[in-house]
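What follows is a short report on a single structure.
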Amino acid sequence: MISLSAISKVYGKKDTAFTALSDISFEVPAGSTLAVIGKSGSGKSTLMHIMSGLDRPTSGTIKIDDVELFNMKPKAMDAFRAGTMSFIFQAFFVEANQSCYQNVMLPLEIGQVPRRKRKSLVMNALKAVELDDKAGVLAGNLSGGQKQRLAIARAIVNQPKILFADEPTGNLDSTTGEKIMQLLFNLNKDLGCTLVLVTHDHELAARCQHQITIKDGHIESIVDRRAARKAQA
Amino acid sequence: MYTTDLIRRSGRSLASAKTRTLLTAIAIAVGTFALTLTLGASNGVQSYVKKIIANNFDPAELIVTADSGLINKTDTTKPQEYDSSFGSLTTAAGATVQVKKLTDADLLRLSQLPGVQRVRPAVSVALQYVTRPGMRKYVGTLTAYSSSQKPDLAAGTLGDDVPAGSIILPDGFLSSLGFSSAQAAIGQTVTIAVQPAFDQTSLQSAFASGGTAALSQLATPATTLQTYKIAAVSKTSTFSQPGTSLYLYASLAETQKLSDLTTKGTSSYRRYLTAFVKAADGTNPKKLDAVQTEVKALGYGAQSVADTEAFLTQIITILQGIVVAFGIIAVVASLFGIINTMYISVLQRTREIGLMKALGMRKRDINSLFRMEAALIGFLGGILGAGAAVLLGLVLNPWISNKLGLGGDPLLIFNYLQIALLVAALMIVATLAGLLPARKASRLNPIDALRTE
Ligand SMILES: Nc1ncnc2c1ncn2[C@@H]1O[C@H](COP(=O)(O)OP(=O)(O)O)[C@@H](O)[C@H]1O
Ligand SMILES: [Mg+2]
């Protein structure tokens, strides 16, 4: 469960102050899928950064499974984030001059996973994205879709509870993008990890259980398909 | 992150920018190369000086002079006031300095000091010539033998001293004196000629006693011939004192006798520039120090072997200091190369840093990652520079030794512990150079870093 209450984010000070987010409150149950929708510049990424503890809100609190995110000391916060969450970005951010294997290894090194467990974890993650035959290949030699699959393998290798994906298909053609989304939804089902999907694609968003539409830093609408389904029944 | 993971990651990052890494490392290697060679030369010179001293001096002995100024501090830039009780000496550069010499009374006084085992004046005689029947005449120097000199013998045997009526002949004289081998010379004889010298004192006394007749007799002095048996033939050693390879040696008593003959009636008669004072149990530095203090308290100059060694190595140390300074300047300059390289590395890897931070990597670990990268560059540069110096040294050593006439002794002696310490020191300063870039990396805001596209 991720719960946000009264989150605001103001960039700059006084004259140049710019409110990127104001009074955002909602809850996402553990294991569900959430789409954050909005136009470019509406504040989606800012919201994701704050939800994941990368950025501090100007005011408001975030709880992840009853842990107050911004009450932690930096060291504890790092450890918590290393053990709890992972990221997938629009621009992949895979290390071109490292092998696929080494790319996927990074979160395990950061999380200080014992060395003997690493190999099987990495290979399983690569298998899950069907890149196990590319383990020794340099990431720079992969195609765009393969790079994003590699990024996904890196994101799931540590078996995180929450997976943040910021426009994961933004740099891909629609066929490849569709495959990536299918993969993400399957992982959400199979691994039971919460998926937070930042997107401006309404079709994609519609496939998530929860949708939050942001406009100029405000919540324009919240859709809870599960709640709606329950109400119907 | 585990340290091994950090090291592996920083190593990989260096390997992925091979040219840049190598160029930065080479800059460090240049300074390291100079430093390693200098250290090697310093070790070699020190060992060479030690061997020379061990072969020529007894560590239990002090070299004592009447004039404490003779040792270390004769100032040739200021005029010295004339003192008739002083003898004069010509320096290697040709300057005349007056020096006070030791007398027999001084020697007696020294030998009576507590802790002194024996006092031995340094006596040598400028011979008129050395020859053998049917051979040409050669100039030569006869010096009192001391067992601490332990000459290498080409033939013959030697006890504690040279027997009375015998000498040690250096092998350089063998063929000139018509000997086919060192062995052939043993037991044979050489003839040594000495001639009384005269100086102002002897002239005055001759004139006073015998007038001009005595003077003219003095001007054509009688040559005294002495025949000596060759007890041993010494080999020219690389470790003999420079310039002494053709010295003939006889016992102190024998040398003294000839010296008396040549100096009788002059101001040099029974005057010694230096004497060797042997301390009882003098290899114990405390006992030697005690005697040295006493000798100095009496107003004499006293120098131990260690002092001599320090004096001999001093000038070399200064020269080496200059090379070391340049080496250090080179290393310092190359540190800016490291700083530059590391800043570029941080810049190029902004996104990677952002991602690592997003994945929960600690600030400290990111800092370590870049500091280790800098340390590795330092290590690489150190190994390259020291390795090249050692290789060059091993290749050139025989050639240099040959050119400098060091015999089989290498000029460059590499101490691997020293080199390891040097490389470790380089890694430390390289790490220091990496501090600022590493700090920059650890302080990067992951959001800004990940926005970079
Ligand atoms: N560091 C910053 N300083 C000032 N304004 C910022 C900063 N980061 C983002 N913004 C602004 O906040 C708004 C929201 O940005 P962002 O969350 O990246 O939008 P989205 O991801 O929806 O495209 C934008 O108008 C952007 O210009
Ligand atoms: Mg965005």
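The values are calculated or read from the model by the stated rules, or taken from the named source; none is laboratory data. Just so it is clear, the model here is predicted, and its values are computed rather than measured. Don't worry about glycine lacking a Cβ; one is built from the backbone with ideal geometry, like all the others, and counts go over all protein chains shown.
What do you reckon, is A:Ala20 within 14 Å of another protein chain (Cβ to nearest Cβ), in a strand (DSSP E or B) and within 15 Å of ligand 1 (Cβ to nearest atom)?
Judged against the criteria, A:Ala20 is a match.
For the range B:380-396, taking the residues that are at pLDDT 95 or above and in contact with a Leu (Cβ under 7 Å, 6 or more places away or on another chain), the one that is surrounded by the most Cβ atoms within 10 Å (Cβ to Cβ) is identified as B:Gly381. Restricting to the range A:29-56, and then to whatever is away from ligand 2 (no atom under 16 Å from the Cβ) and farther than 20 Å from A:Ala82 by Cα, can you tell me which residue is nearest to the chain's Cα centre (by Cα)? The selected residue is A:Thr33. The residue of the range B:4-15 that is surrounded by the fewest Cβ atoms within 10 Å (Cβ to Cβ), among those that are within 11 Å of chain A (Cβ to nearest Cβ) and touching a residue at least 24 places away in the same chain (Cβ under 8 Å), is B:Leu6. Taking the stated definitions as given, is B:Phe207 over 30 Å from B:Gly178 (Cβ atoms) and surrounded by 15 or more Cβ atoms within 10 Å (Cβ to Cβ)? Considered against the rule, which asks whether it is over 30 Å from B:Gly178 (Cβ atoms) and surrounded by 15 or more Cβ atoms within 10 Å (Cβ to Cβ), B:Phe207 comes out as no.
Here's the yes/no breakdown for (1) surrounded by 14 or more Cβ atoms within 10 Å (Cβ to Cβ); (2) over 30 Å from A:Ser25 (Cβ atoms); (3) modelled with pLDDT of 95 or more:
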position: A:Val129; (1), (2), (3): yes, yes, no
position: A:Leu150; (1), (2), (3): yes, yes, yes
position: A:Asn158; (1), (2), (3): yes, no, no
position: A:Met181; (1), (2), (3): yes, no, no
position: A:Val196; (1), (2), (3): yes, no, yes
position: A:Gly217; (1), (2), (3): yes, no, no
position: A:Arg226; (1), (2), (3): no, no, no
position: A:Ala233; (1), (2), (3): no, no, no
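Checked against (1) surrounded by fewer than 14 Cβ atoms within 10 Å (Cβ to Cβ); (2) assigned to a loop (DSSP other than H, G, I, E, B), B:Gln183 meets all criteria but (2). Taking the criterion of being polar (S, T, N, Q) and within 11 Å of chain A (Cβ to nearest Cβ), the residues of the range B:337-358 that qualify are B:Gln348, B:Thr350.
When residues in the range A:35-71 are screened for being near ligand 1 (Cβ under 10 Å from one of its atoms), away from chain B (no Cβ under 14 Å) and not small (Gly, Ala, Ser), 3 of them pass. Annotation note: Cβ proximity below 8 Å between a residue of the range A:31-50 that is in a loop (DSSP other than H, G, I, E, B) and a residue that is within 9 Å of ligand 2 (Cβ to nearest atom) (sequence gap 6+ or interchain) occurs for A:Gly38/A:Lys44; A:Gly38/A:His200; A:Lys39/A:His200; A:Ser40/A:His200. Out of B:Thr308, B:Thr283, B:Thr293, B:Thr341, I need the residue that is at pLDDT below 90 and assigned to a helix (DSSP H, G or I). Which one? Matching residue, one of B:Thr308, B:Thr283, B:Thr293, B:Thr341: B:Thr308. Could you list all residues from the range B:313-329 that are of a type in the set (A, V, I, L, M, F, W, C) and touching a residue at least 40 places away in the same chain (Cβ under 8 Å)? Across the range B:313-329, the qualifying residues are B:Ile316, B:Val323, B:Val324, B:Phe326, B:Ile328, B:Ile329.
Residue-by-condition table, conditions (1) modelled with pLDDT under 70; (2) surrounded by fewer than 18 Cβ atoms within 10 Å (Cβ to Cβ); (3) part of a strand (DSSP E or B):
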{"residue": "B:Lys50", "(1), (2), (3)": "no, yes, no"}
{"residue": "B:Ala54", "(1), (2), (3)": "no, yes, no"}
{"residue": "B:Asp67", "(1), (2), (3)": "no, no, no"}
{"residue": "B:Leu70", "(1), (2), (3)": "yes, no, no"}
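In summary, A:Asn171 fulfils each of the numbered conditions (1) at pLDDT 95 or above; (2) within 16 Å of ligand 2 (Cβ to nearest atom) with the single exception of condition (1).
Taking each residue of the range B:109-121 that is under 17 Å from B:Gln256 (Cβ atoms) and looking for partners that are of a type in the set (Phe, Trp, Tyr) with beta-carbon atoms closer than 6 Å, six or more apart or interchain, yields B:Arg120/B:Phe276; B:Pro121/B:Tyr272. Taking residues in the range B:430-452 that are surrounded by fewer than 21 Cβ atoms within 10 Å (Cβ to Cβ), and partners anywhere that are in a loop (DSSP other than H, G, I, E, B), the pairs with Cβ atoms closer than 8 Å and at least 6 places apart or on different chains are B:Ile447/A:Leu54; B:Ile447/A:Asp55.
The set of residues in the range A:78-101 being more than 19 Å from A:Met123 (Cα to Cα), crowded, with 18+ Cβ neighbours inside 10 Å, more than 7 Å from chain B (Cβ to nearest Cβ) and more than 16 Å from ligand 1 (Cβ to nearest atom) consists of A:Thr84, A:Met85, A:Phe92. Flag: A:Leu106 does not match the condition of being within 14 Å of another protein chain (Cβ to nearest Cβ), modelled with pLDDT under 95 and surrounded by 18 or more Cβ atoms within 10 Å (Cβ to Cβ). As a summary of the residue check, B:Gln292 satisfies the conditions (1) crowded, with 21+ Cβ neighbours inside 10 Å; (2) in contact with a helix residue (DSSP H, G or I) (Cβ under 8 Å, 6 or more places away or on another chain); (3) not hydrophobic (A, V, I, L, M, F, W, C) except for the one numbered (2). Across the range B:366-384, a minimum of one residue is classified as more than 14 Å from every other protein chain (Cβ to nearest Cβ) and in contact with a Phe, Trp or Tyr (Cβ under 9 Å, 6 or more places away or on another chain).
The residues of the range A:1-10 that are more than 14 Å from ligand 2 (Cβ to nearest atom) and not in a loop (DSSP other than H, G, I, E, B), listed by number, are A:Ile2, A:Ser3, A:Leu4, A:Ser5, A:Ala6, A:Ile7, A:Ser8, A:Val10. Looking at A:Thr176, is it in contact with a Gly (Cβ under 6 Å, 6 or more places away or on another chain), within 16 Å of ligand 2 (Cβ to nearest atom) and more than 9 Å from chain B (Cβ to nearest Cβ)? So A:Thr176 does not fit the description; no. Looking at the structure I just gave you, is B:Leu158 part of a loop (DSSP other than H, G, I, E, B) and buried (at least 16 other Cβ atoms within 10 Å of the Cβ)? It is true that B:Leu158 is part of a loop (DSSP other than H, G, I, E, B) and buried (at least 16 other Cβ atoms within 10 Å of the Cβ).
Report yes if A:Asp55 is over 22 Å from A:Phe89 (Cβ atoms) and in contact (Cβ under 8 Å) with a residue 24 or more places away in the chain, otherwise no. Break it down into steps so the answer makes sense when it comes.
Numbers: over 22 Å from A:Phe89 (Cβ atoms): no; in contact (Cβ under 8 Å) with a residue 24 or more places away in the chain: yes.
It is false that A:Asp55 is over 22 Å from A:Phe89 (Cβ atoms) and in contact (Cβ under 8 Å) with a residue 24 or more places away in the chain.
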